[in-house]
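To start, the structure under review is shown below, and the notes come after it.
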Amino acid sequence: MADQRGALPQYRAMETDHPSLRALAADALQRPADQAAILYEGEWIAWGALRAVAEEIDAALDASGIAADAAVAFVARNRPAALAALLGLIAQGRTIRMIYAFQSDAAIARDLTRMAPAALVAFVEDIGPEIRAVLATEGMVAVAIDGMAATALPGHEYASPEVQQRHGLAAPQIEILTSGTTGPPKSFAVPYALLERHFLSTPLTRQQADDPQAAPPFLLYFPLGNITGLYSTLPMLLRGQRVELLERFSLTAWHAHVRRWRPSHGGLPPASVQAVLDADLPVDDLASLRAIGCGAAPLDPGVQQAFEARYGIPILLSYGATEFAGPVASMTAALHTEWGARKIGSVGRAMPGVELRVVDPDSGVPLPPDIEGLLEVIAPRIGPDWIRTSDIALIDADDFLFLRGRADGAIIRGGFKLLPESIERALMLHPAVAEAAVTGMADHRLGQVPAAAIRLHADFAAPAIAALETHVRQHLPATHIPVKWLFVSDLPRTPSLKTDRRALQTLFANMSPEAENETENIT
């Protein structure tokens, strides 16, 4: 190899007046071996164990023959070894290409072929036959993680001559994934330099004590491969605050975390705010929380009001996207205190340096306050240009941002344009409905028709379809009444915990004729 890397401690020598991300990651891995780092499934994982995993991956890649700057694909799961792998790859200065684990062997194999890295790092159970076939065909290297150990995958220890010539970018980056709400997840490059400037000190990951080791563990549950997972995980690891790691969000685990550690701040996925109400968690159990952050998907204003009324804890909504490299608007505690119920449902005001405007979708002309249009954003992390979104929004006279749905999710039913979010909001006004998700289904006569999946409140029986149709008709034109209905115990979700519209369409497409409830009467 052209560049023979030494042990991880050598990276510390690269530090300048402002420590690089590589130096910070290397420093983190040199913390005392017995210092607690990650609470996972009831067991504390210490920094020494994390360092061992990072060094095993480093050694396997070193011995493989790939270039020192070659890109590495990473199938990340929310497990301690994955966090160790992330720090180790950053300390090596690698370009990291994230791949979601929550997909089929064939889908991961397709991602691997498309990304064309020099090596793959993944948990052993995620390296299936189709992935192995790609590794063999392409001559890529693979490092398999098993528990808290990492070794070269037998038969794939060494790179082919062609793969040995693959190089990454001179300036390394982490290629994270979009949420995949309306299509396949896409990669979005976040340079190390951007992370150094914007990610290492954030309001979402505020310290709750001067000594990070004395603070309650920070609860991590968003997937490591997306922007929110990276945004919440990396500052904690670099700062040395203990974390509790969930492979997937669980209300039971969240409740147990809050009861045990009594944190002053916490977070909830939007869908779980209603779940807390449904579970009737005791008020005293959440009494330590002064605020709850909530983002990544819309939250029904009625649910927010009900939660705040019951628990006396403000929900601080925020808005961001992968394309902005993080949040761009937020409802801060100070704003909530001042404006409170007058701005219920708002995701707050623009964050420092951010500019927001609402424009006419056809002409692009900026619209006055309180008029709905398409949201455009200038995100200083990305650059000085306006970024056009597909979010329908309005900004009121007090500069508060309200999201009204997605323009690209509109259902065109016989010439009528329907927004799924408007139907969902109407359905959630029904006393039996805890959560609703609407998608468009192809129809030979009308082009598209709406279909609704419903999660019921606990202890509510499924209402008659006719009753739901009548309910929707009370709030919306008859064109908005769904023609297919499905009651589910939980809605399908992306790894980012948003409603997975594509999976929802698959559910409806696979319904048996006996299960379908259809009505075409739109008068």
Original post:
For S272, S318, what's the fewest-to-most ordering of other Cβ within 10 Å of each Cβ?
Top reply: S272, S318
Subject >> Proximal charge balance of A407 [Cβ under 13 Å; K/R count +1, D/E count -1] >> reply: -3
**OP:** Give the cross-link partners of K484 among the aspartates and glutamates, using a straight C-alpha distance below 20 Å as the criterion and excluding same-chain residues fewer than 8 apart.
**Re:** E421, E424, E435, D443, E469, D500, E514, E516, E518, E520
Original post:
Taking Cα atoms, how many degrees apart are the long axis of helix 227-239 and the longest axis of the chain, rounded to 10 and kept between 0 and 90?
Top reply: 40 degrees
**OP:** Run the quick spin-label model on L429 and R239: label points 7 Å from Cα toward the beta carbon, then report their separation in nm to one decimal.
**Re:** 4.2 nm
Original post:
To the nearest 0.05, how large is the calculated FRET efficiency for R445 and V124 if R₀ is 45 Å and r is the Cβ-Cβ distance?
Top reply: 0.35
Original post:
Between S489 and T151, how many nm apart are label points set 7 Å from Cα along the C-beta direction?
Top reply: 3.8 nm
Original post:
What length, rounded to one decimal in nm, is gained on full extension from H475 through to R248, with 0.36 nm per residue of separation minus their alpha-carbon distance?
Top reply: 78.1 nm
Original post:
What's the angle, to the nearest 10 degrees (0 to 90), between helix 251-261's Cα axis and the longest principal axis of the chain?
Top reply: 60 degrees
**OP:** Neighbouring Cβ atoms within 10 Å as the yardstick, rank L112, L491 fewest first.
**Re:** L491, L112
Subject >> Distance-filtered residues of segment 263-305 - backbone nitrogen under 11 Å, label point 7 angstrom along D459 Cα→Cβ >> reply: 278-280
Subject >> Stretch gain in nm, segment A107-A214, where the contour uses 0.36 nm per residue and the Cα spacing is subtracted >> reply: 34.3 nm
**OP:** Please list the non-local residues whose amide H lies under 5 Å from the amide H of V143, H modeled 1.01 Å from N, same-chain partners needing a gap of 5 or more.
**Re:** L120, V121, A122, L153
Subject >> Global form of segment 410-515, assessed from the alpha-carbon gyration tensor, a/c cut-off 1.5 >> reply: rounded
Original post:
Over the Cα atoms of the chain, how large are the radius of gyration and the largest Cα-Cα distance (Dmax), in Å?
Top reply: 24.1, 74
Subject >> FRET efficiency for R502 and A33, using Cβ-Cβ distance with R0 set to 56 Å, rounded to 0.05 >> reply: 0.80
**OP:** Within the set of other residues whose C-beta is less than 9 Å from the C-beta of L39, count the net charge using Lys and Arg as +1 and Asp and Glu as -1.
**Re:** -2
Original post:
Label points 7 Å out from Cα along the Cβ direction at V283 and A193: separation in nm?
Top reply: 5.3 nm
Original post:
Residues with beta-carbon under 13 Å from that of L367, excluding L367: net charge, scoring Lys, Arg +1 and Asp, Glu -1?
Top reply: -4
Original post:
For a paramagnetic label modelled at 7 Å from the Cα of M115 toward its Cβ, which residues of segment 77-91 fall within the zone defined by backbone nitrogen distances under 13 Å?
Top reply: 77, 86
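Read-outs throughout are calculated quantities, based only on the coordinates presented, and are distinct from any laboratory measurement. Note that this is a predicted model, so its numbers are computed, not measured. Note that we place each Cβ from the backbone using ideal geometry, even for glycine, and neighbour counts take in every protein chain shown.
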